[in-house]
Each structure stands twice: as structure tokens, then as C-alpha cells.
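Enquirer: Sharing a structure here in C-alpha cells format.
The numbers here are math on the coordinates, done by the rules we state, and not lab data. Everything numeric in this text was worked out from a predicted model, so none of it was measured. With ideal geometry, Cβ positions are generated from the backbone for all residues, glycine too; neighbour counts draw on all protein chains shown.
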Amino acid sequence: MTVSSTSSQVKGGALPWSGLLALSCAAFTAVLTELLPAGLLPVMAAPLGVAESRIGFLVTAYAAASFLAAVPVTAALRGLPRRPVLCGALLGFAVSNALVALSSSYPLTFVARLLAGAMGGTLWAMLAGYAARMVPAERRGRAIAIVLAGITVALALGVPAGTALAGAVGWRAAFGTPAVLALLLVAWIRLRLPCFPGEPAHARVPLVRVALRPGIRPVLSVTLFLLVGHQVMYTYVAPFARHAGYGRTGLLLALFGAATVAGIWVTGALIDRYPRVTLLAALALFAGVLLVLGLGARARVLLAGAVALWGVAFGGAPTLIQTALVHVSGPAESDVATSLQTTVYNAGIAAGSLTGGVALDALGAGALPWTALVPAVLALATVAAGRRYAFPPRRHAVAPAEEALTEPVP
């Protein structure tokens, strides 16, 4: 695609579906790369000569590298054109997954996972901002929803498919597949995505000033509270299901994954018209689900219904929060703002898993919903109080200076 055709696509009324789907596939690849070892613990342990718990550390290595790299790497690369940086992150995924597929050494595999985590932190800092710069201001929410749907598809289909592929033809092929996918995505992105400029040195806002901008901290707070509450339940859904008298955890997780697709669809339909109300509804629904689970979910129909509603709420909430972050930061600085959110996101995952584990050991599985309800209510209260800056009822028009920064470069 030529630059002129790409520019018209950015400014036209129709969504640039090819480019947005390429970004969605990039999100899919990142989530698949991050979570794939969790489903392959037994089959990877023996060939690498380590215990299954050490294979689990490969997921930890990815998350830790993403947590540590997101802010400094994004800050270091913010002056470069966006498309080469995006392609570089995907090439990093290809190299990392290829190394894991070929490696017979655990230390080498661990280093490859650190590389993947660093690339993941870089990629997540870019995706929403890239999508926002490809469409008019009034279409940003829907564009971001399309891109982040790749997360849902990876959770609902990608990771189970990768696990099944490993069972059929071996775990090395399961890692080789996302390596090839990343290479294909580089070609797709080169052809179908505009190349937006980086931030000029004279116009580059310091990281601290971005973090202190009105509205940034409420959005980051909601991100943290939501992830803590979610991970308290999601990490320990198996013991809670047993506590509720239902042992088919896999079926519950499949139901949750399918419901997140519905949540993304509903969010995409409402986000550009009613962003604040939709986010409040999603967080209120999550809090209501936790209340139902805490009061008692012994009935299988009630448990299944609560998990499905949980999936609907969580499927839409991250997109709504990400769109609010782009709104308060502006597309030109959204990469830096999203790098902060990536760090907070991973911190929320770690804090939620730790908090849930402490609650489980000290109080039992029945305490998990009540433990998760506290951060869920805090997230809801933060949105309700953040009407002026972070969570306005309507999306504001883009400023002329901001619009100029969304022009593609040759």
C-alpha cells in the first residue's frame, strides 16, 4: 500500500480493517507466547532436564522481563518511527520462540523467555496508540476493541490449540508456530500499516510529566485494582470450584473464555458512544458477580451463570480502560502512557495471585470472592469519581496539534 492510500484510509470514515486485524494478530501472538508454557509443563520438563515447576518459571520470566522493560525500552525508542519498532518487537518474538523450539538447554530457554518478555513489554506499549492514530477520534474506542480482541482469541482458542498441537506433534512445533506467525505478521504490517513518526526530541514530554498528567493516575489505579481482583479469583478458580462442589474447572474456564468474546462485542458496540457508562456497568457487573459467588454458588447453574457474567465484564473492561488512557494521554504520548500501564498490569497480576494465595491458605477458598471484592469496589469508585479527566461521559474531539502527530510518514 502506498503512503497516499494509507493516509486516506486513516482519515476516511471506514475502519482500516486490514491494519487493525494485523495489530490484533500481534496481540494474539504476544499472549500465546506468554502463556504457552503453562499448558506444556509435563512435556517440556523431561527434555530440558528440569522439574515441572521450573517450566512454570518460564512464564514468570516473561512477566518479569515485561514488567522491567516496558517503561525504559519504550522511553528509549519513543523518537523512532513506529512501524520499524513494531516490526522489531515481532522479530524478537520470532527469535525467542524459535530458540525455545530448538533449545535443549534450560538456561538458554530461560534467556529466550526473557527476550520474549522484553519484546512483549515493548509491543503492548504500542498497540493501542497505533490503533488510535489510524482512525478518527470518534472511532478510537472501536479500533482499540478490535486490536485487543486478539487477547480474547488467544485465551479462548490460541492457548488451548497450542496445547493440543503439542500433544499431537510435539511441544517444539507448538513454539515454532508463533515464531512463523510473527514473521508473517512483519510482512503483513509492512504492507498494510502506516508508518507514523516518533516523537520529535523538542516535543518529547518527559516520562514523569506524562505520569503526572491529569487523568493518568486514575486510569492506572483502575487497571491495578481490576487486575488484583480478577487474579485473586482467576488464579485460584480450581480450588474455588471444588469448594463450590464443582470439579470441572476446564469447563468453567472455557465458559469464561467464550463469555469474554461477548464482552468484547458489547464493548465495541458501545464504547465510542457511552465509554464511561459502559465501564461503570462492566465493573459493577464484576463486583456483583463476586458478591454472588461470596454469598454462595453451590448451585451449578448459579456458578456457571456467575462465571459467564464475569467473562462478559472482564472481556470489555481492559479495552475501556485502555481507551480512557489514550484519551487522557493523547495518541502521540500513548506509547509512554501504555508502558506505564503495562508495568501496572503485570504488578496487578502478581499482587492478585499473591493476595489470593494468602487468602486461600489463611481463610480457605470461600474467602476468595470477598477478597477480590475489595479491589473491584475500589476500581468502581475510582471511575465514578474520575468524571472530569479520566472517564468523561463522551469522547472529546481531537486537538489540531494532536491530529498532526497522527500523519503517516514515508
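Enquirer: Report the charge-dipole magnitude of the chain in Debye, nearest 20, computed about the Cα centre from +1 at each Lys and Arg Cβ and -1 at each Asp and Glu Cβ.
Expert: Dipole size: approximately 500 debye.
Enquirer: Dimensions of the stretch 3-198 along principal axes (Cα, Å, largest first)?
Expert: Cα extents, longest axis first: 55, 34, 24 Å.
Enquirer: Run the numbers for Arg242 and Ala299: contour at 0.36 nm per residue of separation, minus the present Cα-Cα distance, in nm.
Expert: Here the segment from Arg242 to Ala299 would lengthen by 19.3 nm.
Enquirer: Please turn the phi angles of the stretch 370-377 into ³J(HN,Hα) values with the Karplus equation 6.51 cos²θ - 1.76 cosθ + 1.60 (θ = phi - 60°), one per residue in order, whole Hz, x for glycine and proline.
Expert: Those phi angles translate into 5, 5, 6, 5, 4, x, 5, 5 Hz.
Enquirer: Using the beta-carbon distance between Leu68 and Tyr274 and R0 = 45 Å, what value does 1/(1 + (r/R0)^6) give for FRET efficiency, to the nearest 0.05?
Expert: My answer for the efficiency is 0.75.
Enquirer: What shape does the stretch 53-128 have by the C-alpha gyration tensor, where a ≥ b ≥ c are the square roots of the eigenvalues, rounded means a/c under 1.5, and otherwise prolate means a/b greater than b/c and oblate the rest?
Expert: Prolate, since a/c reaches 1.5 and a/b exceeds b/c.
Enquirer: Grab the beta carbon distance between Val358 and Ser18, set R0 = 56 Å, and tell me the FRET efficiency rounded to 0.05.
Expert: Efficiency, from the Cβ-Cβ distance: 0.75.
Enquirer: Can you run phi through the Karplus equation (6.51, -1.76, 1.60; θ = phi - 60°) for the stretch 74-89 and list ³J(HN,Hα) in whole Hz, with x for Gly and Pro?
Expert: Computed from phi, the couplings for the stretch 74-89 are 4, 5, 5, 9, 5, x, 8, x, 6, 5, x, 5, 4, 5, x, 5 Hz.
Enquirer: For the chain, with a Gaussian network of springs between Cα atoms less than 10 Å apart, report the residue from Ala14, Ala38, Ala337 with the top mean-square fluctuation.
Expert: Looking only at Ala14, Ala38, Ala337, the biggest GNM fluctuation is shown by Ala14.
Enquirer: ³J(HN,Hα) across the stretch 253-264 via Karplus (A = 6.51, B = -1.76, C = 1.60, θ = phi - 60°), whole Hz, x for Gly/Pro?
Expert: 5, 5, 5, 4, x, 5, 5, 5, 4, 4, x, 5
Enquirer: Rounded, prolate or oblate: pick one for the chain, where a ≥ b ≥ c are the square roots of the eigenvalues of its C-alpha gyration tensor, a/c under 1.5 means rounded, and failing that, prolate if a/b is larger than b/c, else oblate.
Expert: Note, shape of the chain comes out oblate.
Enquirer: What residues have an amide H closer than 5 Å to that of Gly198, excluding those fewer than 5 places away on the same chain, when H is modeled at 1.01 Å from N in the peptide plane?
Expert: Sorted by chain and number, the residues that satisfy this are Arg82.
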